[in-house]
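Read the structure below first, then the notes.
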(Lines give C-alpha, C1' and ligand atoms only; values in the text may rest on other atoms or scores of the structure.)
Protein backbone atom coordinates (compact mmCIF):
# COMPACT_ATOMS: atom_id res chain seq x y z
CA UNK A 1 0.00 0.00 0.00
CA UNK A 2 1.44 3.36 -1.01
CA UNK A 3 1.72 5.97 1.67
CA UNK A 4 0.58 9.54 0.98
CA UNK A 5 3.15 12.02 2.26
CA UNK A 6 1.95 15.59 1.85
CA UNK A 7 3.19 18.63 3.73
CA UNK A 8 0.54 20.82 5.44
CA UNK A 9 0.89 23.33 2.61
CA UNK A 10 0.13 20.65 0.05
CA UNK A 11 -2.83 19.38 2.05
CA UNK A 12 -4.26 22.91 2.09
CA UNK A 13 -3.77 23.22 -1.67
CA UNK A 14 -5.48 19.90 -2.28
CA UNK A 15 -8.46 20.92 -0.15
CA UNK A 16 -8.69 24.28 -1.90
CA UNK A 17 -8.93 22.44 -5.22
CA UNK A 18 -11.80 20.19 -4.19
CA UNK A 19 -14.75 22.39 -5.24
CA UNK A 20 -16.99 20.87 -7.91
CA UNK A 21 -18.69 23.52 -10.07
CA UNK A 22 -19.82 21.02 -12.69
CA UNK A 23 -21.05 17.47 -12.75
CA UNK A 24 -19.63 15.23 -15.45
CA UNK A 25 -21.81 12.14 -15.72
CA UNK A 26 -21.12 9.08 -17.84
CA UNK A 27 -24.01 8.26 -20.16
CA UNK A 28 -22.68 5.36 -22.18
CA UNK A 29 -19.62 3.64 -23.58
CA UNK A 30 -18.94 2.10 -26.97
CA UNK A 31 -16.22 -0.54 -27.31
CA UNK A 32 -14.37 -1.31 -30.52
CA UNK A 33 -13.39 -4.65 -28.98
CA UNK A 34 -9.67 -3.97 -29.43
CA UNK A 35 -7.60 -3.68 -26.26
CA UNK A 36 -4.11 -2.24 -26.00
CA UNK A 37 -3.61 -1.48 -29.68
CA UNK A 38 -5.09 1.92 -30.54
CA UNK A 39 -8.68 0.74 -30.91
CA UNK A 40 -10.11 4.22 -30.27
CA UNK A 41 -7.74 7.15 -30.73
CA UNK A 42 -9.56 10.23 -32.04
CA UNK A 43 -13.28 11.01 -32.18
CA UNK A 44 -15.29 13.59 -34.13
CA UNK A 45 -19.01 14.41 -33.97
CA UNK A 46 -21.50 15.21 -36.71
CA UNK A 47 -24.47 17.12 -35.29
CA UNK A 48 -26.60 16.62 -38.39
CA UNK A 49 -26.73 12.85 -37.98
CA UNK A 50 -25.76 12.46 -34.29
CA UNK A 51 -22.94 10.20 -35.31
CA UNK A 52 -19.47 9.86 -33.84
CA UNK A 53 -16.54 8.89 -36.06
CA UNK A 54 -13.79 7.01 -34.23
CA UNK A 55 -10.26 6.40 -35.49
CA UNK A 56 -9.50 2.72 -34.96
CA UNK A 57 -5.81 2.55 -35.82
CA UNK A 58 -5.68 -1.17 -35.15
CA UNK A 59 -8.58 -1.93 -37.51
CA UNK A 60 -7.39 -0.07 -39.44
CA UNK A 61 -10.62 1.81 -40.07
CA UNK A 62 -12.91 4.60 -38.95
CA UNK A 63 -15.97 3.40 -37.09
CA UNK A 64 -19.24 5.29 -37.33
CA UNK A 65 -21.32 5.11 -34.15
CA UNK A 66 -24.88 6.30 -33.64
CA UNK A 67 -25.04 8.38 -30.43
CA UNK A 68 -28.61 9.62 -30.78
CA UNK A 69 -29.26 7.56 -27.65
CA UNK A 70 -26.05 8.26 -25.69
CA UNK A 71 -26.86 5.58 -23.13
CA UNK A 72 -26.70 2.96 -25.88
CA UNK A 73 -24.24 3.95 -28.64
CA UNK A 74 -24.25 1.48 -31.52
CA UNK A 75 -22.01 0.78 -34.48
CA UNK A 76 -23.54 1.72 -37.84
CA UNK A 77 -20.69 0.95 -40.25
CA UNK A 78 -16.93 1.15 -40.70
CA UNK A 79 -14.95 3.11 -43.26
CA UNK A 80 -12.22 0.87 -44.61
CA UNK A 81 -8.70 2.23 -44.99
CA UNK A 82 -6.51 1.06 -47.91
CA UNK A 83 -4.44 -2.02 -47.09
CA UNK A 84 -1.13 -1.09 -45.48
CA UNK A 85 -2.26 2.43 -44.59
CA UNK A 86 -3.32 3.62 -41.13
CA UNK A 87 -5.74 6.37 -40.01
CA UNK A 88 -4.43 8.91 -37.52
CA UNK A 89 -7.09 11.60 -37.23
CA UNK A 90 -10.67 12.45 -38.19
CA UNK A 91 -12.67 15.67 -38.41
CA UNK A 92 -16.24 16.42 -39.53
CA UNK A 93 -17.83 19.61 -40.81
CA UNK A 94 -20.80 20.44 -43.01
CA UNK A 95 -21.51 16.80 -43.73
CA UNK A 96 -17.95 15.98 -44.79
CA UNK A 97 -15.71 13.52 -42.95
CA UNK A 98 -11.95 14.07 -43.40
CA UNK A 99 -9.43 11.40 -42.39
CA UNK A 100 -5.65 11.75 -42.14
CA UNK A 101 -3.99 8.55 -43.35
CA UNK A 102 -0.39 7.44 -42.82
CA UNK A 103 1.44 5.69 -45.68
CA UNK A 104 2.67 2.07 -45.35
CA UNK A 105 6.21 3.50 -45.15
CA UNK A 106 5.66 6.28 -42.68
CA UNK A 107 8.37 8.51 -44.13
CA UNK A 108 6.46 8.59 -47.45
CA UNK A 109 3.78 11.13 -48.20
CA UNK A 110 0.41 10.42 -46.65
CA UNK A 111 -3.19 10.98 -47.68
CA UNK A 112 -6.29 12.87 -46.67
CA UNK A 113 -9.48 11.11 -47.69
CA UNK A 114 -12.89 12.77 -47.74
CA UNK A 115 -16.14 10.87 -47.19
CA UNK A 116 -19.78 11.74 -46.81
CA UNK A 117 -21.42 10.97 -43.47
CA UNK A 118 -22.53 7.56 -44.80
CA UNK A 119 -18.91 6.56 -45.44
CA UNK A 120 -18.88 6.96 -49.23
CA UNK A 121 -15.57 8.20 -50.65
CA UNK A 122 -15.73 11.70 -52.14
CA UNK A 123 -12.08 12.48 -52.86
CA UNK A 124 -8.47 11.76 -51.87
CA UNK A 125 -5.42 14.01 -51.97
CA UNK A 126 -1.77 13.58 -51.07
CA UNK A 127 -0.23 15.49 -48.16
CA UNK A 128 3.10 15.49 -46.30
CA UNK A 129 4.85 12.71 -44.43
CA UNK A 130 3.03 11.15 -41.48
CA UNK A 131 -0.19 13.21 -41.33
CA UNK A 132 -0.89 12.99 -37.62
CA UNK A 133 -3.80 15.38 -37.10
CA UNK A 134 -6.20 17.42 -39.19
CA UNK A 135 -8.89 20.02 -38.62
CA UNK A 136 -11.32 22.16 -40.60
CA UNK A 137 -11.01 25.91 -40.26
CA UNK A 138 -13.98 27.42 -38.40
CA UNK A 139 -15.37 28.88 -41.64
CA UNK A 140 -15.18 25.45 -43.29
CA UNK A 141 -13.19 26.66 -46.31
CA UNK A 142 -9.98 24.75 -45.62
CA UNK A 143 -8.56 21.66 -43.96
CA UNK A 144 -5.22 21.94 -42.18
CA UNK A 145 -3.04 18.87 -41.68
CA UNK A 146 -0.12 18.47 -39.27
CA UNK A 147 2.44 16.28 -41.06
CA UNK A 148 4.81 15.14 -38.35
CA UNK A 149 7.58 13.93 -40.64
CA UNK A 150 9.16 11.56 -38.12
CA UNK A 151 12.42 9.88 -39.19
CA UNK A 152 12.79 6.24 -40.08
CA UNK A 153 13.68 3.79 -37.31
CA UNK A 154 17.38 3.97 -38.15
CA UNK A 155 17.27 7.75 -38.71
CA UNK A 156 18.59 7.33 -42.25
CA UNK A 157 15.53 9.13 -43.64
CA UNK A 158 14.23 12.25 -41.95
CA UNK A 159 11.44 13.99 -43.88
CA UNK A 160 10.60 17.62 -43.28
CA UNK A 161 7.72 18.34 -40.99
CA UNK A 162 5.07 20.38 -42.80
CA UNK A 163 1.49 21.63 -42.56
CA UNK A 164 -0.77 20.98 -45.54
CA UNK A 165 -3.51 23.48 -46.34
CA UNK A 166 -6.29 21.98 -48.46
CA UNK A 167 -8.44 24.64 -50.08
CA UNK A 168 -12.07 23.54 -50.38
CA UNK A 169 -13.26 26.58 -52.33
CA UNK A 170 -14.06 24.49 -55.43
CA UNK A 171 -16.01 21.97 -53.38
CA UNK A 172 -14.74 18.73 -51.92
CA UNK A 173 -15.67 16.72 -55.02
CA UNK A 174 -13.70 19.03 -57.29
CA UNK A 175 -10.47 19.53 -55.36
CA UNK A 176 -7.24 18.20 -56.77
CA UNK A 177 -3.57 18.23 -55.89
CA UNK A 178 -3.31 21.86 -57.02
CA UNK A 179 -5.59 22.77 -54.11
CA UNK A 180 -3.04 21.45 -51.58
CA UNK A 181 -0.31 23.80 -50.37
CA UNK A 182 2.55 22.63 -48.17
CA UNK A 183 3.69 25.06 -45.49
CA UNK A 184 7.38 24.40 -44.90
CA UNK A 185 9.78 25.61 -42.24
CA UNK A 186 12.98 25.85 -44.28
CA UNK A 187 13.18 29.64 -43.89
CA UNK A 188 14.09 29.29 -40.22
CA UNK A 189 17.70 29.09 -39.13
CA UNK A 190 18.77 27.44 -35.92
CA UNK A 191 20.53 30.55 -34.64
CA UNK A 192 17.41 32.68 -35.10
CA UNK A 193 15.12 30.51 -33.00
CA UNK A 194 14.36 31.15 -29.31
CA UNK A 195 16.83 29.26 -27.12
CA UNK A 196 14.19 26.91 -25.66
CA UNK A 197 13.30 25.55 -29.13
CA UNK A 198 15.02 22.16 -29.36
CA UNK A 199 16.73 21.32 -32.66
CA UNK A 200 18.65 18.17 -31.86
CA UNK A 201 18.06 15.31 -34.29
CA UNK A 202 21.17 13.76 -35.88
CA UNK A 203 22.25 15.78 -38.93
CA UNK A 204 18.82 17.40 -39.12
CA UNK A 205 18.03 20.77 -40.61
CA UNK A 206 15.51 22.93 -38.77
CA UNK A 207 12.80 21.92 -41.26
CA UNK A 208 13.58 18.24 -40.76
CA UNK A 209 13.73 18.50 -36.99
CA UNK A 210 10.42 20.32 -36.47
CA UNK A 211 7.59 17.79 -36.05
CA UNK A 212 4.06 19.29 -36.26
CA UNK A 213 1.75 17.47 -33.89
CA UNK A 214 -1.58 19.26 -33.38
CA UNK A 215 -3.36 22.34 -34.77
CA UNK A 216 -5.72 24.96 -33.36
CA UNK A 217 -7.21 27.65 -35.60
CA UNK A 218 -8.23 31.17 -34.59
CA UNK A 219 -11.96 32.03 -34.82
CA UNK A 220 -11.39 34.21 -37.90
CA UNK A 221 -9.80 31.25 -39.76
CA UNK A 222 -6.74 33.33 -40.59
CA UNK A 223 -4.13 32.06 -38.11
CA UNK A 224 -3.18 28.55 -37.02
CA UNK A 225 -1.12 27.49 -34.04
CA UNK A 226 0.75 24.20 -34.35
CA UNK A 227 2.42 22.29 -31.53
CA UNK A 228 5.95 21.06 -32.22
CA UNK A 229 6.06 18.63 -29.34
CA UNK A 230 9.59 17.22 -29.40
CA UNK A 231 10.89 20.71 -30.11
CA UNK A 232 9.13 22.33 -27.10
CA UNK A 233 7.62 24.96 -29.37
CA UNK A 234 4.53 26.24 -31.19
CA UNK A 235 4.52 27.41 -34.81
CA UNK A 236 2.32 30.29 -35.97
CA UNK A 237 0.94 30.05 -39.51
CA UNK A 238 -0.65 32.71 -41.70
CA UNK A 239 -3.29 30.58 -43.41
CA UNK A 240 -4.08 32.92 -46.32
CA UNK A 241 -0.38 33.36 -47.12
CA UNK A 242 0.31 29.65 -46.43
CA UNK A 243 3.43 30.61 -44.53
CA UNK A 244 4.89 29.95 -41.09
CA UNK A 245 5.58 33.34 -39.57
CA UNK A 246 6.97 32.53 -36.11
CA UNK A 247 8.29 29.74 -33.95
CA UNK A 248 7.42 30.33 -30.29
CA UNK A 249 9.74 28.78 -27.73
CA UNK A 250 7.82 27.65 -24.65
CA UNK A 251 10.64 27.82 -22.14
CA UNK A 252 10.93 25.51 -19.15
CA UNK A 253 8.99 24.86 -15.97
CA UNK A 254 10.90 25.22 -12.71
CA UNK A 255 9.97 22.35 -10.41
CA UNK A 256 11.86 23.96 -7.54
CA UNK A 257 9.09 26.57 -7.19
CA UNK A 258 6.41 25.95 -4.54
CA UNK A 259 3.45 25.55 -6.94
CA UNK A 260 5.35 23.18 -9.24
CA UNK A 261 5.86 20.13 -7.04
CA UNK A 262 6.07 16.67 -8.55
CA UNK A 263 6.62 13.07 -7.47
CA UNK A 264 9.74 11.96 -9.39
CA UNK A 265 10.14 8.40 -8.08
CA UNK A 266 8.35 5.11 -8.56
CA UNK A 267 10.55 3.51 -5.90
CA UNK A 268 9.83 5.62 -2.82
CA UNK A 269 6.83 3.53 -1.71
CA UNK A 270 4.80 6.73 -1.25
CA UNK A 271 2.85 9.48 -2.97
CA UNK A 272 5.44 12.11 -2.23
CA UNK A 273 5.11 15.50 -3.87
CA UNK A 274 7.96 17.91 -3.42
CA UNK A 275 10.17 20.53 -5.03
CA UNK A 276 13.25 19.33 -6.90
CA UNK A 277 16.02 20.98 -8.96
CA UNK A 278 14.46 19.94 -12.26
CA UNK A 279 13.30 21.92 -15.28
CA UNK A 280 10.33 20.53 -17.19
CA UNK A 281 10.09 20.85 -20.96
CA UNK A 282 6.43 21.68 -21.68
CA UNK A 283 6.36 19.69 -24.94
CA UNK A 284 2.59 19.92 -25.53
CA UNK A 285 0.69 17.37 -27.56
CA UNK A 286 -2.81 18.81 -28.06
CA UNK A 287 -3.59 22.50 -28.35
CA UNK A 288 -6.87 24.41 -28.18
CA UNK A 289 -7.73 28.08 -28.10
CA UNK A 290 -10.41 30.49 -27.05
CA UNK A 291 -10.94 34.19 -27.55
CA UNK A 292 -12.34 36.85 -25.26
CA UNK A 293 -12.26 40.66 -25.49
CA UNK A 294 -8.62 40.61 -24.39
CA UNK A 295 -7.51 38.49 -27.36
CA UNK A 296 -6.70 34.90 -28.26
CA UNK A 297 -5.42 32.48 -25.64
CA UNK A 298 -3.78 29.13 -26.37
CA UNK A 299 -4.26 26.09 -24.15
CA UNK A 300 -1.77 23.23 -24.21
CA UNK A 301 -1.77 19.74 -22.70
CA UNK A 302 1.86 19.35 -21.65
CA UNK A 303 2.40 15.63 -22.19
CA UNK A 304 6.10 15.46 -23.02
CA UNK A 305 7.83 13.14 -25.47
CA UNK A 306 11.32 11.78 -26.04
CA UNK A 307 12.99 10.70 -29.26
CA UNK A 308 13.66 7.01 -28.95
CA UNK A 309 15.20 5.26 -31.96
CA UNK A 310 17.16 2.26 -30.62
CA UNK A 311 20.54 1.95 -32.23
CA UNK A 312 20.21 5.33 -33.93
CA UNK A 313 19.29 8.03 -31.40
CA UNK A 314 18.01 7.81 -27.84
CA UNK A 315 17.89 10.85 -25.58
CA UNK A 316 16.30 9.41 -22.44
CA UNK A 317 18.47 8.83 -19.40
CA UNK A 318 17.73 8.33 -15.73
CA UNK A 319 19.27 10.88 -13.38
CA UNK A 320 21.16 8.07 -11.61
CA UNK A 321 23.00 7.36 -14.87
CA UNK A 322 24.34 10.91 -15.24
CA UNK A 323 27.41 12.61 -13.89
CA UNK A 324 26.14 15.65 -12.00
CA UNK A 325 28.24 18.78 -11.66
CA UNK A 326 29.36 19.00 -8.04
CA UNK A 327 28.94 22.78 -7.90
CA UNK A 328 25.45 22.84 -9.40
CA UNK A 329 24.41 19.77 -7.39
CA UNK A 330 26.43 19.62 -4.15
CA UNK A 331 23.95 17.02 -2.87
CA UNK A 332 24.22 14.97 -6.06
CA UNK A 333 24.65 11.61 -4.31
CA UNK A 334 21.43 12.17 -2.40
CA UNK A 335 19.56 13.28 -5.51
CA UNK A 336 20.67 10.17 -7.44
CA UNK A 337 19.06 7.81 -4.93
CA UNK A 338 16.13 5.91 -6.41
CA UNK A 339 13.72 7.30 -3.81
CA UNK A 340 14.62 10.84 -4.88
CA UNK A 341 15.56 11.84 -8.45
CA UNK A 342 17.56 8.77 -9.41
CA UNK A 343 14.72 7.14 -11.35
CA UNK A 344 13.47 10.29 -13.10
CA UNK A 345 13.84 10.23 -16.88
CA UNK A 346 15.56 13.28 -18.34
CA UNK A 347 17.11 14.25 -21.65
CA UNK A 348 20.83 13.98 -22.37
CA UNK A 349 20.58 16.70 -25.05
CA UNK A 350 20.35 19.58 -22.57
CA UNK A 351 21.97 20.43 -19.27
CA UNK A 352 25.73 20.44 -19.88
CA UNK A 353 25.84 24.22 -19.94
CA UNK A 354 29.63 24.59 -19.88
CA UNK A 355 30.49 21.69 -22.18
CA UNK A 356 32.66 19.82 -19.68
CA UNK A 357 30.80 16.51 -19.91
CA UNK A 358 28.78 16.64 -16.70
CA UNK A 359 25.25 17.97 -16.14
CA UNK A 360 24.67 21.40 -14.63
CA UNK A 361 20.89 21.26 -15.10
CA UNK A 362 18.29 18.53 -15.42
CA UNK A 363 15.47 18.67 -17.99
CA UNK A 364 12.54 16.28 -17.70
CA UNK A 365 9.92 15.45 -20.34
CA UNK A 366 6.60 17.27 -20.14
CA UNK A 367 5.23 19.54 -17.44
CA UNK A 368 2.46 17.35 -15.90
CA UNK A 369 0.05 20.26 -16.43
CA UNK A 370 -1.94 22.34 -18.83
CA UNK A 371 -0.99 25.91 -19.67
CA UNK A 372 -2.56 29.11 -20.93
CA UNK A 373 -0.46 31.17 -23.35
CA UNK A 374 -0.90 34.60 -24.91
CA UNK A 375 -1.68 33.92 -28.57
CA UNK A 376 -0.19 37.24 -29.71
CA UNK A 377 3.13 37.03 -27.87
CA UNK A 378 3.52 33.38 -26.89
CA UNK A 379 4.08 34.40 -23.28
CA UNK A 380 3.01 32.04 -20.51
CA UNK A 381 -0.14 33.39 -18.85
CA UNK A 382 -0.85 30.58 -16.38
CA UNK A 383 0.10 26.97 -15.67
CA UNK A 384 -1.75 24.42 -13.55
CA UNK A 385 1.49 23.62 -11.76
CA UNK A 386 1.19 20.52 -9.58
CA UNK A 387 -2.62 20.53 -9.47
CA UNK A 388 -3.26 17.32 -11.39
CA UNK A 389 -1.08 15.26 -9.05
CA UNK A 390 -2.48 17.08 -5.99
CA UNK A 391 -6.10 16.56 -7.01
CA UNK A 392 -5.53 12.89 -7.75
CA UNK A 393 -3.69 12.32 -4.48
CA UNK A 394 -6.56 13.93 -2.59
CA UNK A 395 -9.48 12.41 -4.48
CA UNK A 396 -8.42 9.02 -5.84
CA UNK A 397 -4.98 8.08 -4.51
CA UNK A 398 -5.48 4.55 -5.88
CA UNK A 399 -5.08 6.11 -9.36
CA UNK A 400 -2.08 8.28 -8.55
CA UNK A 401 0.35 8.10 -11.49
CA UNK A 402 -0.83 4.67 -12.51
CA UNK A 403 -0.18 3.70 -16.12
CA UNK A 404 -2.76 3.12 -18.81
CA UNK A 405 -2.00 -0.61 -18.89
CA UNK A 406 -1.69 -1.41 -15.17
CA UNK A 407 -3.06 -0.42 -11.78
CA UNK A 408 0.25 0.15 -10.01
CA UNK A 409 0.18 3.34 -7.96
CA UNK A 410 3.22 5.59 -8.57
CA UNK A 411 4.16 3.59 -11.68
CA UNK A 412 4.63 6.69 -13.89
CA UNK A 413 6.10 9.07 -11.33
CA UNK A 414 9.59 8.51 -12.70
CA UNK A 415 8.42 9.28 -16.22
CA UNK A 416 5.85 11.95 -17.10
CA UNK A 417 3.35 11.50 -14.30
CA UNK A 418 -0.29 11.68 -15.41
CA UNK A 419 0.70 12.79 -18.96
CA UNK A 420 -1.90 15.38 -19.97
CA UNK A 421 -2.63 14.38 -23.56
CA UNK A 422 -5.93 15.73 -24.90
CA UNK A 423 -7.46 19.17 -24.50
CA UNK A 424 -10.53 20.94 -25.80
CA UNK A 425 -12.59 24.01 -24.98
CA UNK A 426 -16.37 24.38 -24.69
CA UNK A 427 -19.09 26.71 -23.57
CA UNK A 428 -21.29 25.53 -20.69
CA UNK A 429 -24.01 28.02 -19.84
CA UNK A 430 -22.38 31.42 -19.76
CA UNK A 431 -18.86 30.14 -19.04
CA UNK A 432 -16.00 28.71 -21.09
CA UNK A 433 -14.27 25.62 -19.77
CA UNK A 434 -11.14 23.68 -20.65
CA UNK A 435 -11.37 19.90 -20.58
CA UNK A 436 -8.12 17.96 -20.24
CA UNK A 437 -7.61 14.21 -20.51
CA UNK A 438 -4.64 12.59 -18.78
CA UNK A 439 -3.33 9.68 -20.81
CA UNK A 440 -2.01 7.52 -18.00
CA UNK A 441 -4.55 7.63 -15.16
CA UNK A 442 -7.55 8.26 -17.41
CA UNK A 443 -8.83 11.32 -15.58
CA UNK A 444 -10.76 14.12 -17.28
CA UNK A 445 -10.35 17.56 -15.65
CA UNK A 446 -12.51 20.64 -16.17
CA UNK A 447 -11.32 24.20 -15.53
CA UNK A 448 -13.31 27.44 -15.61
CA UNK A 449 -11.57 29.90 -17.97
CA UNK A 450 -13.54 33.01 -16.97
CA UNK A 451 -10.25 34.56 -15.85
CA UNK A 452 -7.59 33.12 -18.19
CA UNK A 453 -4.91 34.41 -15.83
CA UNK A 454 -6.30 32.28 -13.03
CA UNK A 455 -8.37 29.34 -14.33
CA UNK A 456 -10.30 27.58 -11.61
CA UNK A 457 -10.57 23.83 -11.14
CA UNK A 458 -14.21 22.88 -11.60
CA UNK A 459 -14.53 19.09 -11.76
CA UNK A 460 -12.85 15.78 -12.43
CA UNK A 461 -14.23 12.50 -13.76
CA UNK A 462 -12.99 9.07 -14.73
CA UNK A 463 -14.32 5.67 -15.68
CA UNK A 464 -11.37 3.76 -14.28
CA UNK A 465 -11.86 0.53 -12.31
CA UNK A 466 -8.68 -0.20 -10.30
CA UNK A 467 -9.87 -3.69 -9.39
CA UNK A 468 -10.27 -4.60 -13.06
CA UNK A 469 -7.70 -6.11 -15.40
CA UNK A 470 -6.53 -3.79 -18.20
CA UNK A 471 -5.51 -6.76 -20.36
CA UNK A 472 -8.99 -8.26 -20.09
CA UNK A 473 -10.90 -5.04 -20.75
CA UNK A 474 -12.41 -4.89 -17.27
CA UNK A 475 -10.57 -1.82 -15.99
CA UNK A 476 -12.79 0.80 -17.62
CA UNK A 477 -11.47 3.59 -19.83
CA UNK A 478 -7.72 3.55 -20.36
CA UNK A 479 -5.61 6.08 -22.23
CA UNK A 480 -7.75 9.07 -23.29
CA UNK A 481 -6.18 10.19 -26.56
CA UNK A 482 -8.81 12.51 -28.04
CA UNK A 483 -11.70 14.61 -26.71
CA UNK A 484 -14.51 16.19 -28.71
CA UNK A 485 -16.79 18.78 -27.11
CA UNK A 486 -20.44 18.80 -28.24
CA UNK A 487 -22.26 22.07 -27.49
CA UNK A 488 -25.73 21.86 -25.95
CA UNK A 489 -27.36 23.09 -29.17
CA UNK A 490 -25.78 20.20 -31.11
CA UNK A 491 -26.24 17.50 -28.46
CA UNK A 492 -28.87 14.75 -28.59
CA UNK A 493 -29.59 15.42 -24.89
CA UNK A 494 -29.59 19.22 -25.26
CA UNK A 495 -26.85 19.33 -22.68
CA UNK A 496 -23.15 19.64 -23.49
CA UNK A 497 -21.31 16.38 -24.05
CA UNK A 498 -17.73 15.18 -24.07
CA UNK A 499 -16.83 12.32 -26.38
CA UNK A 500 -13.60 10.72 -25.18
CA UNK A 501 -11.64 8.21 -27.27
CA UNK A 502 -9.49 5.86 -25.16
CA UNK A 503 -6.72 4.17 -27.12
CA UNK A 504 -5.70 1.44 -24.66
CA UNK A 505 -9.18 0.22 -23.69
CA UNK A 506 -10.48 0.75 -27.22
CA UNK A 507 -13.53 2.56 -25.88
CA UNK A 508 -15.36 5.79 -26.63
CA UNK A 509 -17.25 7.16 -23.65
CA UNK A 510 -19.99 9.78 -23.74
CA UNK A 511 -20.03 12.19 -20.80
CA UNK A 512 -22.76 14.72 -20.10
CA UNK A 513 -21.89 18.04 -18.45
CA UNK A 514 -24.46 19.29 -15.96
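The values are calculated or read from the model by the stated rules, or taken from the named source; none is laboratory data. All figures in this text were calculated on a predicted structure; none of them were measured in a lab. All Cβ positions, glycine included, derive from the backbone under ideal geometry; neighbour counts span all protein chains shown.
Does residue 453 meet the test of being assigned to a loop (DSSP other than H, G, I, E, B), touching a strand residue (DSSP E or B) at 6+ places or on another chain (Cβ under 7 Å) and farther than 23 Å from residue 367 by Cα? Spelling it out, it is not the case that residue 453 is assigned to a loop (DSSP other than H, G, I, E, B), touching a strand residue (DSSP E or B) at 6+ places or on another chain (Cβ under 7 Å) and farther than 23 Å from residue 367 by Cα. It is to be established whether one or more residues within segment 384-407 are in contact (Cβ under 8 Å) with a residue 60 or more places away in the chain, surrounded by fewer than 24 Cβ atoms within 10 Å (Cβ to Cβ) and within 15 Å of residue 303 (Cβ to Cβ). Looking through segment 384-407, none of the residues is in contact (Cβ under 8 Å) with a residue 60 or more places away in the chain, surrounded by fewer than 24 Cβ atoms within 10 Å (Cβ to Cβ) and within 15 Å of residue 303 (Cβ to Cβ). In the set (1) more than 20 Å from residue 89 (Cα to Cα); (2) surrounded by fewer than 16 Cβ atoms within 10 Å (Cβ to Cβ); (3) over 22 Å from the mean Cα position of the chain (by Cα), residue 167 fails one condition alone, (1). Restricting segment 268-296 to residues that are assigned to a loop (DSSP other than H, G, I, E, B) and either free of Cβ contacts under 8 Å to residues at least 40 places away in the same chain or under 17 Å from the mean Cα position of the chain (by Cα) (or both), which is surrounded by the fewest Cβ atoms within 10 Å (Cβ to Cβ)? In this case the residue turns out to be 293. Of the strands (runs of 3 or more DSSP E) lying entirely inside segment 109-164, the ones with 3 or more residues being in contact with a strand residue (DSSP E or B) (Cβ under 9 Å, 6 or more places away or on another chain) and farther than 17 Å from residue 61 by Cα are found at 121-129, 142-147.
Filter segment 297-336 down to the residues that are without any contact (Cβ under 8 Å) to a residue 12 or more places away in the chain and not in a loop (DSSP other than H, G, I, E, B), then identify the one that is surrounded by the most Cβ atoms within 10 Å (Cβ to Cβ). That would be 332. Among the residues of segment 179-217, those identified as over 22 Å from residue 127 (Cα atoms), at pLDDT 95 or above and in contact with a strand residue (DSSP E or B) (Cβ under 9 Å, 6 or more places away or on another chain) are 193, 194, 195, 196, 197, 198, 200, 201, 202. Taking the criterion of being touching a helix residue (DSSP H, G or I) at 6+ places or on another chain (Cβ under 9 Å) and in a loop (DSSP other than H, G, I, E, B), the residues of segment 360-383 that qualify are 362, 367, 368, 369.
Specify the residue that is surrounded by the fewest Cβ atoms within 10 Å (Cβ to Cβ); the eligible residues are those in segment 41-58 that are in a loop (DSSP other than H, G, I, E, B) and within 22 Å of the chain's Cα centre (by Cα). Step by step, filter segment 41-58, then rank; the result is 58. Considering segment 31-40, the residues that are surrounded by 22 or more Cβ atoms within 10 Å (Cβ to Cβ) and in contact with a strand residue (DSSP E or B) (Cβ under 6 Å, 6 or more places away or on another chain) include one that is farthest from residue 501 (Cα to Cα), namely 32.
For segment 467-478, give me each residue that is surrounded by 15 or more Cβ atoms within 10 Å (Cβ to Cβ) and part of a loop (DSSP other than H, G, I, E, B). Result: 468, 473, 475, 477, 478. Quick check on my filter: what residues within segment 479-514 are outside any strand (DSSP E or B), in contact with a helix residue (DSSP H, G or I) (Cβ under 9 Å, 6 or more places away or on another chain) and in contact (Cβ under 8 Å) with a residue 12 or more places away in the chain? Result: 495, 496, 504, 505.
Could you list, in sequence order, all residues of segment 127-164 that are within 22 Å of residue 53 (Cβ to Cβ) and surrounded by fewer than 21 Cβ atoms within 10 Å (Cβ to Cβ)? Of everything in segment 127-164, those that are within 22 Å of residue 53 (Cβ to Cβ) and surrounded by fewer than 21 Cβ atoms within 10 Å (Cβ to Cβ) turn out to be 138, 139, 140, 141. Scoring residue 83 on the criteria (1) modelled with pLDDT of 95 or more; (2) part of a loop (DSSP other than H, G, I, E, B) leaves a single failure, condition (1).
So that you can scan it fast, the table gives a plain yes or no per residue for (1) free of Cβ contacts under 8 Å to residues at least 60 places away in the same chain; (2) outside any loop (DSSP other than H, G, I, E, B):
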residue: 226; (1), (2): no, yes
residue: 245; (1), (2): yes, yes
residue: 248; (1), (2): no, yes
residue: 259; (1), (2): no, yes
residue: 264; (1), (2): no, no
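Selection of segment 413-434 for residues being under 17 Å from the mean Cα position of the chain (by Cα), in a loop (DSSP other than H, G, I, E, B) and crowded, with 24+ Cβ neighbours inside 10 Å yields 416, 417, 418, 419.
Considering only residues that are touching a helix residue (DSSP H, G or I) at 6+ places or on another chain (Cβ under 8 Å) and either at pLDDT below 95 or closer than 14 Å to residue 98 by Cβ (or both), which ones fall in segment 38-57? Quick ask: steps written out before the conclusion?
Applying the first criterion (touching a helix residue (DSSP H, G or I) at 6+ places or on another chain (Cβ under 8 Å)) to segment 38-57 yields 45, 47.
The answer is 45, and nothing else.
Touching a residue at least 12 places away in the same chain (Cβ under 8 Å), surrounded by 17 or more Cβ atoms within 10 Å (Cβ to Cβ) and outside any loop (DSSP other than H, G, I, E, B): does that describe residue 341? When the stated conditions are applied, residue 341 does not pass them. Tell me yes or no: at least one residue of segment 335-351 is more than 28 Å from residue 420 (Cβ to Cβ), touching a strand residue (DSSP E or B) at 6+ places or on another chain (Cβ under 6 Å) and at pLDDT 95 or above. No: segment 335-351 contains no residue that is more than 28 Å from residue 420 (Cβ to Cβ), touching a strand residue (DSSP E or B) at 6+ places or on another chain (Cβ under 6 Å) and at pLDDT 95 or above. Return a yes/no flag: does segment 61-71 have any residue that is surrounded by fewer than 22 Cβ atoms within 10 Å (Cβ to Cβ), within 30 Å of residue 210 (Cα to Cα), touching a strand residue (DSSP E or B) at 6+ places or on another chain (Cβ under 6 Å) and modelled with pLDDT of 95 or more. Scanning segment 61-71, I find at least one residue that is surrounded by fewer than 22 Cβ atoms within 10 Å (Cβ to Cβ), within 30 Å of residue 210 (Cα to Cα), touching a strand residue (DSSP E or B) at 6+ places or on another chain (Cβ under 6 Å) and modelled with pLDDT of 95 or more, so the answer is yes. Screening residue 236 against (1) surrounded by 22 or more Cβ atoms within 10 Å (Cβ to Cβ); (2) in a strand (DSSP E or B) leaves a single unmet condition, (1).
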